[in-house]
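What follows is a set of notes on a single structure, which appears directly below.
The values are calculated or read from the model by the stated rules, or taken from the named source; none is laboratory data. If you're wondering where the values come from, they're calculated on a predicted model, not measured in any experiment. Reconstructed Cβ throughout: ideal geometry from the backbone, glycine too, with neighbour counts over all protein chains shown.
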Ligand code: NIG
Ligand code: FE
């Protein structure tokens, strides 16, 4: 019986990530694609006799993994906060700087002033760095506009980044990132405006795939975010939350309560919050870049998460304030050295589990028949090398929806 397929990659080793743990290694393998989806995979020796590929690629003995998924970024912004880095090195805290009108609001100021073209150009440069390290899906949050026109511009830039590069972009509305100056002292009014005006308007323009909020005393309370999330759910949008990054503020429990896809950061999460996440199946998104840049000393409780079976994703948190970094591989290394993940947990964190943090796990994040053919190819001897090397290592090729992008 003949089995016609569009494309076959042969002479590769596969790390399928298609099980609860382990890399899912298949050495000397092949993988076939039809209509942008995986049609067959397995040891090359088991290739179905009748499989006929229109195009065949030689993987040169490299490793092929699911394309990386960066499930938490704030990729679209203008300006730089390098001077805050200097201030922090001289002893100022992130919270002090934010209270003085710097921090997120400084980037809001620069982003509101930037043209769409300037925003696009600056953000595209960061995106290309992610793609170079094997990213095939990226989540991009708004949150540096904080008024309707500026949030719209940021989300539109995120959509355009996806159209003009071979990468899947999932957008997240983060209007609840900070209280903008024009609403100073009126956080409740601002949240009500987000829930009843800004979010519905942007959703109607198909700019929003999910809704996020920043739960901290310097941003919003659980009660305020609960209101916003009710509006999100009424529109059928999934939610996520920046929780317990700088303090134990009840964010993890809120994320579990509202059925959030993920709670992100979690350095200060307490036992009850963890138990609630485990019960609800909330993904923990670990962001070692922000922990490192803020010189935090309290790491997220990885051992407890592991014990409770909380899935752990890893992401760059690419943003100008707390994680000026566009290297997912550096995050793999830091997740291991700073947080104690194993290299295989870290790789699962930017593939299988990251897909779950975006609600895309039925379709992406693993190598399995029927899933989207999004791959990264690496010139390495074993997938553990992806976490071992301290960032700055390019993939040798990417495949998006079955289409080879670069050197493969
Ligand atoms: O994920 N926590 C809030 N958002 C970012 C920081 C944003 C900023 O400082 O510009 C974060 O760390
Ligand atoms: Fe963030």
task = Those residues that are farther than 13 Å from residue 320 by Cβ and more than 16 Å from ligand 2 (Cβ to nearest atom), I need them from segment 89-111; list them, please.
result = 89, 90, 91, 92, 93, 96, 99, 100, 101
query = Does segment 312-355 hold any residues that are more than 12 Å from the chain's Cα centre (by Cα) and assigned to a loop (DSSP other than H, G, I, E, B), and which are they?
reply = 320, 321, 322, 324, 325, 338, 339, 340, 341, 342
request  = Output the residue which, of all residues in segment 218-228 that are outside any helix (DSSP H, G or I) and at pLDDT 95 or above, is surrounded by the fewest Cβ atoms within 10 Å (Cβ to Cβ).
outcome  = 221
query = Within segment 117-136, is there a residue that is farther than 30 Å from residue 33 by Cβ and touching a helix residue (DSSP H, G or I) at 6+ places or on another chain (Cβ under 6 Å)?
reply = yes
task = Under 6 Å between Cβ atoms, at least 6 apart or on separate chains: pull out the pairs that start in segment 335-358 with a residue that is within 17 Å of residue 301 (Cβ to Cβ) and end on any residue that is in a loop (DSSP other than H, G, I, E, B) and at pLDDT 95 or above.
result = 335/341; 339/299; 353/311
note = Here the residues within segment 263-274 that are within 9 Å of residue 243 (Cβ to Cβ) and not in a loop (DSSP other than H, G, I, E, B) are 263, 264, 265, 273
query = Is there a residue being crowded, with 21+ Cβ neighbours inside 10 Å, at pLDDT 95 or above and under 30 Å from residue 280 (Cβ atoms) anywhere in segment 389-402?
reply = no
message = Condition (residue is closer than 25 Å to residue 353 by Cα, in contact with a helix residue (DSSP H, G or I) (Cβ under 7 Å, 6 or more places away or on another chain) and surrounded by fewer than 17 Cβ atoms within 10 Å (Cβ to Cβ)) applied to segment 22-37: is it met by at least one residue?
response = yes
note = Filtering segment 372-387 for residues that are over 22 Å from residue 60 (Cβ atoms) and surrounded by fewer than 22 Cβ atoms within 10 Å (Cβ to Cβ) leaves a count of 0
request  = Could you tell me which numbered condition residue 268 fails, if it satisfies all but one of (1) within 16 Å of ligand 2 (Cβ to nearest atom); (2) under 20 Å from residue 365 (Cβ atoms)?
outcome  = (2)
message = Condition first: more than 13 Å from ligand 1 (Cβ to nearest atom) and within 27 Å of residue 164 (Cα to Cα). Now tell me which residues in segment 93-117 satisfy that.
response = 112, 113, 114, 115, 116, 117
request  = Considering only segment 282-294, state which residues are buried (at least 21 other Cβ atoms within 10 Å of the Cβ) and part of a loop (DSSP other than H, G, I, E, B).
outcome  = 282, 287
query = Hey, residue 297 hits all of (1) away from ligand 2 (no atom under 13 Å from the Cβ); (2) touching a residue at least 12 places away in the same chain (Cβ under 8 Å) but one; which does it fall short on?
reply = (2)
Single unsatisfied condition, residue 297 versus (1) away from ligand 1 (no atom under 15 Å from the Cβ); (2) in a helix (DSSP H, G or I) = (2)
task = Check off (1) within 16 Å of ligand 1 (Cβ to nearest atom); (2) not in a loop (DSSP other than H, G, I, E, B) for residue 79 and give me the number that stays unchecked.
result = (2)
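Of the residues 179, 208, 169, only one is crowded, with 17+ Cβ neighbours inside 10 Å, without any contact (Cβ under 8 Å) to a residue 40 or more places away in the chain and either closer than 23 Å to residue 255 by Cα or touching a strand residue (DSSP E or B) at 6+ places or on another chain (Cβ under 7 Å) (or both); which?
From the options 179, 208, 169, the qualifying one is 169.
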message = Checking the structure you have, find out if any residue of segment 118-138 is within 13 Å of ligand 1 (Cβ to nearest atom) and surrounded by 16 or more Cβ atoms within 10 Å (Cβ to Cβ).
response = no
note = Selection over segment 302-322 where residues are more than 13 Å from ligand 2 (Cβ to nearest atom) and either surrounded by fewer than 21 Cβ atoms within 10 Å (Cβ to Cβ) or more than 19 Å from residue 277 (Cβ to Cβ) (or both) yields a count of 7
task = Filter segment 269-281 for residues that are under 17 Å from residue 314 (Cα atoms) and either surrounded by fewer than 18 Cβ atoms within 10 Å (Cβ to Cβ) or within 16 Å of ligand 1 (Cβ to nearest atom) (or both) and give the result.
result = 269, 281
